[in-house]
Amino acid sequence: MGEYFSGIGKIRYEGPSSKNLLAFKHYNPDESVEGKPMKEWFRFSVAWWHTIRGMGADPFGPGCHVRPWEDGSDSMKMALKRIDVAFEFFEKLGNPFYTFHDRDVAPEGENLKETNNNLDKAVAVLEKHQKRTGVRLLWGTANLFSNKRYVHGAATSPNADVFAYAAAQVKKAIEVTKLLGGENYVFWGGREGYQCLYNTDMKREMDHLGRFLSMAADFAEKIGFKGQFLIEPKPHEPTKHQYDTDAAACLAFLQKYGLEKRFKLNIETNHATLARHEMFHELEFARANGILGSIDANRGDMLLGWDTDQFPTDIYLTTQVMLSIMANGGLGKGGVNFDAKLRRESFEPADLFHAHIGGMDAFARGLKIAAAIRRDGTLRKILAERYASWESGIGAEIEAGKHSFESLEKYMLKKGDAAPNASGRQEMIENLINEYIR
Ligand code: XLS
Ligand code: NI
Ligand code: NI
């Protein structure tokens with residue numbers, strides 16, 4: 001095992017006054033916030049596909065990132081070497097978790113059997129490194145979108161054999177996730193959607209997806225996989241319309257197919273904004289419905305309409321995210337997974353550290369700011385006052401189910417008109433939030 005990131009040592013917390021750009025200024029893993037260490041609030045995770053496999057390719061040119069250890073091949077030998085690289089990176093950065101797709105860590109073989117053998121070999125080495133370093137698997141998933149067999153989708157493919165292949169692939173991916181102690185398993189609907197409605201039987205495709213997810217849940221139960229199943233909403237890309245459009249569409253889908261008790265959501269910032277929602281909206285919707293499971297942390301670009309997967313550095317964003325997560329009492333088995341990649345222009349290995357350090361520090365600041373907002377209590381008071389009419393009298397009676405349209409008509413005929421409204425005070429509240437952003 002060589003040293004791949006030479007010149008970069010263990011990243012340490014040096015505090016806000018440090019000028020060292022390869023140190024944490026805010027992420028102090030053991031510092032307690034509301035009685036819980038920072039590292040447990042976040043459960044930070046590094047995404048294999050971006051950080052270990054991403055080479056900066058875009059539609060206009062191939063990868064150009066400098067990775068001295070890479071030969072660029074999809075050989076088994078290279079796959080095993082990348083595992084060494086990855087764990088050196090994890091140990092230096094100090095992320096407690098990682099995530100991967102089956103095909104990120106091992107190449108496909110000539111047939112499914114060979115492919116599974118390759119995966120087994122990689123998983124044995126991953127297991128060894130996990131034991132050695134204590135780094136754990138936040139979630140595993142299956143890549144059901146890169147291979148050309150999935151050109152029309154996987155569970156929603158018009159080709160029944162492709163559905164069967166995808167089922168076999170996910171079965172294996174759940175097995176290896178269980179073996180590695182993965183705490184969740186993610187379903188992002190790669191090509192589950194359509195490009196053209198003339199050639200698409202939408203009802204049939206959605207029924208197939210429902211059946212596929214039911215089969216996955218049954219299989220997990222059968223083998224005793226205790227990880228949380230998560231669906232990751234996204235409105236489009238690669239297809240024009242992805243079936244798992246947003247948190248609300250996913251909830252309706254899960255309820256229709258009787259899966260709402262077995263799945264939660266993995267909410268990604270850039271997917272929320274592609275759906276023209278704020279991340280805050282998606283998190284609050286999931287939280288309100290008891291299905292907030294985990295997050296893919298990144299951000300889009302305000303002026304670009306695609307999934308740019310940039311590292312999050314905006315502390316207004318991380319403050320909102322942490323307000324939701326704290327109100328949720330944390331993410332449980334979930335975590336904050338950096339589903340984020342370097343810009344093509346940031347091509348040196350050191351950039352991988354700068355990117356993750358920045359993301360982790362931005363989240364640590366968000367946590368501290370959200371904690372200050374909660375400690376101060378002004379926002380909570382404003383919210384409580386806004387809904388005060390529901391705490392007693394007619395409001396409390398309605399909430400308790402004691403009224404009908406007839407009784408409310410009687411109440412209002414007697415009263416004549418509704419009590420006056422109070423101002424929403426949005427600008428004042430936005431100013432107040434600015435007071436905490438330091
Ligand atoms: C793609 C998704 C993907 C999932 C894992 O847009 O974000 O990376 O997180 O399959
Ligand atoms: Ni994602
Ligand atoms: Ni994404």
Task: Distance in nm between pseudo-label sites at Trp390 and Arg262 (7 Å out along the Cβ direction from Cα) - done: 3.3
Open item on the list: As I understand it, the value is the acute angle between the Cα axis of helix 202-223 and the longest principal axis of the Cα atoms of the chain; what does it come to in degrees, rounded to 10?
Closed with: 70
- [ ] Please report how far the C-alpha centroid of region 179-233 lies from that of region 387-422, rounded to the nearest whole angstrom.
- [x] 44
TODO: Report P(r) for region 351-391: all Cα-Cα distances, bin width 5 Å, range 0 to the bin holding the largest distance, values in whole percent.
DONE: 5, 21, 14, 14, 12, 11, 9, 7, 5, 2, 1
Open item on the list: Averaged across orientations, what area in nm² does the convex hull of the alpha carbons in region 345-438 project?
Closed with: 10.8
- [ ] Considering Cα pairs under 8 angstrom that are at least six residues apart, work out the relative contact order of the chain and quote it in whole percent.
- [x] 15
TODO: In nm, give the distance between the simple-model label positions of Thr378 and Asn199, each being 7 Å from the Cα along the Cα-to-Cβ direction.
DONE: 5.9
- [ ] Step through the residues of region 138-143 one at a time and calculate ³J(HN,Hα) from phi using the Karplus curve (6.51 cos²θ - 1.76 cosθ + 1.60, θ = phi - 60°), rounding each to whole Hz and writing x for Gly and Pro.
- [x] 6, 7, x, 7, 10, 7
TODO: May I ask for the angle, rounded to the nearest 10°, between helix 315-327 and the longest principal axis of the chain, with both axes built from Cα atoms and the value confined to 0 to 90°?
DONE: 70
Open item on the list: Compute, for the chain, the length of the dipole vector about the Cα centre, with Cβ point charges of +1 (Lys, Arg) and -1 (Asp, Glu) only. Units Debye, rounded to 20.
Closed with: 820
- [ ] Whole Å is fine, so just give me how far the alpha carbon centre of region 39-58 lies from that of region 107-140.
- [x] 17
- [ ] With N denoting the number of residues in region 279-320, provide Rg(C-alpha) divided by 2.2 N^0.38 Å, to two decimal places.
- [x] 1.27
TODO: Counting only heavy atoms of the protein chains, get the accessible area per residue of region 1-148 (1.4 Å probe) and round it to a whole Å² value.
DONE: 47
Task: Inter-site label distance for Ser32 and Arg425 at 7 Å from Cα along Cβ, in nm - done: 3.3
Task: region 156-204 - Rg (one decimal) and Dmax (whole number), Cα, Å - done: 14.0, 44
Task: Mean Cβ neighbour count within 10 Å, used as a protection proxy, ranking 65-74, 397-406, 258-267 highest first - done: 258-267, 65-74, 397-406
TODO: For region 53-59, just list the computed ³J(HN,Hα) in residue order, Karplus coefficients 6.51, -1.76 and 1.60, θ = phi - 60°, integers in Hz, with x standing in for Gly and Pro.
DONE: 9, x, 10, x, 5, 9, x
Task: Gain on full stretching of the segment that runs from Val151 to Ala23 - 0.36 nm per residue minus C-alpha separation - done: 41.7 nm
Open item on the list: Show me, bin by bin at 10 Å from 0, the whole-percent P(r) of region 1-89 based on Cα pairs.
Closed with: 13, 33, 30, 19, 4
Open item on the list: I need the shape label for the chain. Rule: rounded when a/c is under 1.5, else prolate if a/b > b/c, else oblate, with a, b, c from the alpha carbon gyration tensor.
Closed with: oblate
Task: Separation of alpha-carbon centers, region 12-36 and region 249-322, rounded to whole Å - done: 26
- [ ] Once you have the Kirkwood Rh of region 19-67 from its Cα pairs, apply Stokes-Einstein at 37 °C and 0.692 mPa s and quote D in µm²/s.
- [x] 236
Open item on the list: Under the rule of at least 5 residues apart or a separate chain, name every residue whose amide H is placed under 5 Å from the amide H of Gly193.
Closed with: Tyr243
TODO: Please pull out the direction-averaged projected area of region 40-119, using the convex hull of its alpha-carbon atoms, in nm² to one decimal place.
DONE: 6.8
Open item on the list: Ignoring ligands, DNA and RNA, please state the percent of accessible area on the chain from carbon and sulfur, probe 1.4 Å.
Closed with: 53
Task: Long-range amide H partners of Glu232 with built H, under 5 Å - done: Phe187, Trp188, Gly189, Asn266
Open item on the list: Run the numbers for Met76 and Ser407: contour at 0.36 nm per residue of separation, minus the present Cα-Cα distance, in nm.
Closed with: 111.9 nm
Open item on the list: If you wrap a convex hull around the alpha carbons of region 256-361, what volume per residue comes out, as a whole number of Å³?
Closed with: 120
Open item on the list: Tell me the mean residue ellipticity at 222 nm calculated for the chain from its helices only (DSSP H runs of n ≥ 4, each -39500 (n - 2.57), averaged over every residue, nearest 500).
Closed with: -14500 deg cm²/dmol
Open item on the list: Please list, in order along region 394-403, the HN-Hα scalar couplings obtained from phi with the Karplus expression 6.51 cos²θ - 1.76 cosθ + 1.60 (θ = phi - 60°), rounded to whole Hz, x for Gly and Pro.
Closed with: 4, x, 5, 5, 5, 4, 7, x, 8, 10
Task: Alpha carbon convex hull of region 115-175, projected area averaged over orientations, nm² - done: 4.6
- [ ] Counting other Cβ atoms within 10 Å, keep those with at most 11, restrict to DSSP loop, and tell me which chymotrypsin sites (Phe, Trp or Tyr not before Pro) in region 358-401 are left.
- [x] Tyr387
TODO: Can you work out the accessible area per residue across region 218-261, with the rest of the protein chains kept in place, probe 1.4 Å, in square angstrom?
DONE: 46
TODO: Would you mind telling me the antiparallel percentage of the DSSP bridges in the chain, rounded to 5?
DONE: 20
Open item on the list: With angles folded into 0 to 90 degrees, how steeply does helix 76-93 sit against the dominant principal axis of the chain? Use alpha carbons for both and round to 10.
Closed with: 50
Task: Cut-off under 5 Å, modelled amide H: who pairs with Thr308 long-range - done: Asp301
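The values are calculated or read from the model by the stated rules, or taken from the named source; none is laboratory data. Note that the coordinates shown come from a computational prediction; the quantities given were computed from them, not determined experimentally. Every residue, glycine among them, receives a Cβ derived from its backbone with ideal geometry; neighbour counts consider all protein chains shown. Each accessible area value is taken on the protein alone, full model and side chains, heavy atoms only, with ligands, DNA and RNA left out. Shrake-Rupley method; radii C 1.70, N 1.55, O 1.52, S 1.80 Å.
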